[in-house]
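Nothing in this text is a laboratory measurement; each read-out follows from the coordinates by a stated rule. Keep in mind it's a predicted model, so treat the numbers as computed, not measured. FYI the Cβ positions are ideal-geometry reconstructions off the backbone, even for glycines, and counts take in every protein chain you see.
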Amino acid sequence: MFVKEAYLQSDVVRAPVDARDDRSRAIDTRFAEALSDELSGAYRLAGYLLADAAEAQDAVQEASVRAWRGLSNLREQDKFHSWFSQILVNVCRTRLRKRSRQRTLDVDEVDLEGGDPFRSALARDAVGRALSSLSTELRMVVVLRYWGDLPLADIADRLGIPIGTVKSRHHAALQTLRRRIEPATGGTR
Amino acid sequence: MSDSDFDMEERLRRFAASTRTPPLPAETAALPWAVQSESRRPGFLGRLRSIDPGWGRAGRAVYGAVRITATLAVAFGILLVVGQTRTGGTASEIVVPVASPRQSPLAGAPSGPEVVVLPTSGVVDDVMASYVTGGVSQAEADGAAAVVVQLDTLGGSESSMTTIYKALENATIPTIVWVGPSGAKAASAGTFITLSAGLAYMADGTNIGAASPVAAGGGDLAATYGQTEADKVLADAEAAIRSIAQLRHPLAVDWAVTTVANAQSYTAQEALTAHGINGVADSIDQVVSQADGQTVTVNGAQVVVHTKGASTVTLNEDAIQSILQGLDDPNIAFILLVIGVLCVVVEFFHPTLVVGLLGAFALVLSFYGSGSLPLNVLGVALVILGIAMIVLEPNLPSHGLLMLAGLISFVVGGVAFYGSPGPYLPTATVAWPIIATMAAAAAAYGLLLVRTLLRMRNRAVPVGSGMVGTVNVIGMIGTVEKDLAPLGTVYVAREAWTARLAGEGSALRGTQVKVVRKEGLVLVVEPVA
């Protein structure tokens with residue numbers, strides 16, 4: 001609470017960018033451009049991974065900060081996209097795990113209107129509601145596959161796991177989802 | 001893949017495509033630029049530095065202390081290995097080549113007697129002891145006619161001195177000490193060494209004596225260590241010189257005792273008259289020619305020295321011995337201590353490993369060097385205290401008083417850095433310009449720290465995940481955490497906020513509420529219908 005108060009009262013939301021040499025300013029600009037291309041996609045991914053707008057914003061911020069700090073680790077500039085989304089996925093995974101230790105979120109219990117935009121979007125459909133019954137691992141595969149539009153090989157890259165594992169998780173996730181929504185849709189189609 | 005999987009895939013695909021993504025709030029999009037004043041993550045050392053065991057503040061302090069201790073231990077270990085193989089009593093038996101390789105090996109030398117010369121200067125320390133011991137052994141092995149130790153010293157440590165005079169006393173060939181050239185001194189420990197040689201010569205214009213426990217600053221031993229302790233040290237030194245002088249000449253005993261008891265210093269002529277030395281010689285050649293025909297006691301037997309027409313072979317200290325002897329300089333030991341303490345302090349505040357390692361090396365070298373110097377514990381403590389105060393200045397606002405006190409402590413400590421606790425040690429002081437320079441360096445470091453800290457304080461607040469900042473909570477649905485009656489706590493946007501009800505009444509824990517507006521840091525909420 002103290003930190004937040006100090007932060008809000010200080011008016012220093014934007015740092016005065018002090019004088020830096022041209023080279024580092026060029027790096028800043030390049031980073032800024034590369035990141036701004038990523039932000040909305042990242043927000044969508046984080047939003048549906050976490051099903052919580054506030055937390056998704058936090059995750060995007062955190063990933064941005066981490067990317068900035070770790071910029072020197074990025075060897076090839078054209079890999080920025082996959083590198084950044086790897087960071088984002090890691091941030092989200094950590095948050096999901098932390099959350100599973102704290103409290104469970106269930107889409108069903110949330111009000112459809114006026115609530116969280118991601119949660120209400122998910123709550124519109126039985127599939128979306130069933131998503132919250134998946135474990136963190138399975139849920140990440142599903143969201144990356146369908147909301148991130150990533151092929152399974154790329155998912156393996158983002159999560160840092162073998163493609164075989166991704167395939168089996170994907171299959172298990174689909175099975176679980178089907179079992180979960182069958183009663184709702186009234187039998188197999 | 002089964003059909004049902006395929007169906008499920010299609011359904012997910014369509015559903016995902018139909019879900020929209022709200023726009024990212026402007027604050028979130030803007031934040032990455034705000035964090036750019038943060039420094040980027042450094043390389044390998046930086047990662048080493050950022051190891052955080054996660055035990056909180058106390059844990060980090062313990063961790064820092066452990067790391068500094070480990071750094072010191074590593075540095076000390078390396079130096080111990082180097083030092084032991086090159087110097088040190090026990091190691092000289094393990095490592096044979098103590099003196100440097102011969103310049104003119106005997107194998108090719110013309111037949112005839114040979115005299116080995118061991119030039120020494122500076123403080124009597126472990127390095128000199130191992131050099132002389134090794135040189136004497138080599139002269140014995142080469143079958144030299146005699147070994148000459150050329151001496152010019154103000155004194156040194158008692159243990160090194162004992163090693164040297166034992167080596168001279170127990171040599172299997174005649175031993176000669178020559179105090180020279182003109183201007184040289186055989187003070188304190190040097191007196192003992194000179195008198196313990198089989199034959200002793202001094203050049204004109206050299207001095208012997210002042211082997212007494214008089215402190216450098218004019219104060220005496222009793223004032224520093226108490227009368228009993230002083231008497232004990234004095235009696236001990238007197239007994240030692242009495243037994244050494246007895247072997248030289250019975251008439252020299254009383255004269256030798258005055259060098260200890262009264263701190264008397266004598267010229268070459270006076271020493272000769274008192275039977276303290278065998279003659280006055282102005283060069284090695286004169287020493288060699290005068291020594292010829294003299295009778296000395298070697299291994300308890302009377303031996304006549306044959307050095308007529310002998311060639312002289314000089315054994316020099318090797319490079320490492322010279323460097324280690326250089327550390328005995330009172331000024332260098334002081335500088336190394338200050339640099340070492342500063343580096344260790346820097347390491348504590350800004351861990352980099354490299355600086356800490358350098359500091360540890362400097363400290364260990366300083367302690368090594370000051371081992372043969374009359375270090376005054378009080379002076380050392382004052383210097384360290386001074387540095388500590390100078391460095392603490394930025395942390396404890398004292399408007400410069402701490403810095404001033406630190407500087408005073410530092411300078412006083414520097415002046416009193418050396419005392420004179422024994423009859424063997426040389427008198428030593430730190431030069432004024434060096435005290436001033438090091439004090440200025442410490443103060444400059446302290447000021448630099450202040451400047452850096454101030455700059456850090458004025459820097460933008462770093463934005464991390466822990467700060468949600470300007471998240472717009474208005475319109476969000478939250479849960480009452482602490483009953484609103486009307487003031488309480490609401491959990492919204494994954495955070496606990498102080499909240500109050502918009503209207504009358506109360507809301508119990510668990511009720512869903514909607515945020516209507518924000519008043520400062522208080523949310524105004526109304527129950528969800």
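Spin-label pair residue B:385-residue B:306: with each label point 7 Å from Cα along the Cα-Cβ axis, the two points sit 6.6 nm from one another.
Candidate cross-link partners of residue B:308 among the lysines, defined by an alpha-carbon separation under 16 Å and a same-chain spacing of 8 or more, are absent.
Looking at the square roots a ≥ b ≥ c of the eigenvalues of the Cα gyration tensor of region A:43-83, which shape do they give, rounded for a/c under 1.5, prolate if a/b is larger than b/c, or oblate? Oblate, because a/c is 1.5 or more while a/b does not exceed b/c.
Under 25 Å of direct C-alpha separation, and excluding same-chain neighbours fewer than eight residues apart, residue A:79 reaches these lysines: A:167. Partner shielding of A:43-55 amounts to 4, given as the average count of beta-carbon atoms from other chains within 10 Å of each residue beta-carbon.
Work through the residues other than residue B:159 whose Cβ is under 11 Å from its Cβ and net out their charges, Lys, Arg +1 and Asp, Glu -1. It would help to have the intermediate numbers written out before the result.
Working: positive: B:166; negative: B:125, B:126, B:158.
Neighbour charge sum, excluding residue B:159 itself: -2.
Take the Cβ-Cβ distance between residue B:516 and residue A:81 as r, set R0 to 30 Å, and report the resulting FRET efficiency rounded to the nearest 0.05. Don't jump to the answer; show the numbers that get you there.
Numbers: r = 41 Å, r/R0 = 1.35.
Efficiency at R0 = 30 Å is approximately 0.15.
Using packing as a proxy for protection, rank A:132-143, B:506-517 so that the peptide with the highest average count of other Cβ atoms within 10 Å comes first.
Working: A:132-143: 20.2, B:506-517: 16.8.
Top to bottom by mean Cβ count within 10 Å: A:132-143, B:506-517.
Could you check the simple spin-label distance between residue B:479 and residue B:243, using points 7 Å along Cα→Cβ, in nm with one decimal? In this crude label model, residue B:479 to residue B:243 measures out at 8.8 nm.
Among the lysines, select those whose C-alpha is under 24 Å from the C-alpha of residue B:166, and discard any that sit fewer than 8 residues away in the same chain. Hits, sequence-local ones excluded: B:185, B:232.
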